[in-house]
């Protein structure tokens, strides 16, 4: 079965309802926003694997002299999170979605400081409602012996 955000919604709902730990697992969409470095064999360093081979998007270079960062680009990647993106800062799903892919946002808008919702706001509520219904059905239809435990 192929589904949209069903597994993600189910996992998030379970973490929320079990209450054992903070339910949101990440503050950024991908590791490119948390310091991941990808070194290509030509001496370029990238934050996003989809940027490899596009020198205008490299965040640094490396060689015998060491690592030389392009501060304006490297810093931007590390500053991107839902709170620095206007639409995400006001979104009720920001903690669940974490602003989407920066590369896709940049391709679409010219800036990594844009959201890349990719239908999340439309699809996630339905996925979450479906997950809740399945969860509720599982609780209500448990055998009496399991409910007593």
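Summary table
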| item | result |
| --- | --- |
| Cα-Cα separations in segment 85-128 greater than 13 Å, expressed as whole percent | 50 |
| Relative contact order (%) - segment 25-136, alpha-carbon pairs under 8 angstrom, separation at least six | 21 |
| Segment residue 72-residue 49, length gained on full extension (0.36 nm per residue, minus Cα span) | 6.4 nm |
| Sites residue 122 and residue 16 - FRET efficiency at Förster radius 25 Å, r taken between beta-carbons, to 0.05 | 0.75 |
| Helix 6-18 vs. the chain, principal-axis angle (Cα, 0 to 90°, nearest 10) | 70 |
| Pair-distance profile P(r), taking every C-alpha pair of the chain, with 10 angstrom steps and integer % | 10, 31, 27, 17, 10, 4, 1 |
| Residues of segment 54-94 with amide N under 16 Å of the 7 Å Cα→Cβ point at residue 129 | none |
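Every number in this text was worked out from the coordinates using simple rules, so none of it is lab data. On a predicted model such as this, the values are computed, not experimentally measured, just so you know. Counting neighbours? That spans all protein chains shown, and the Cβs are built from the backbone with ideal geometry, glycine included.
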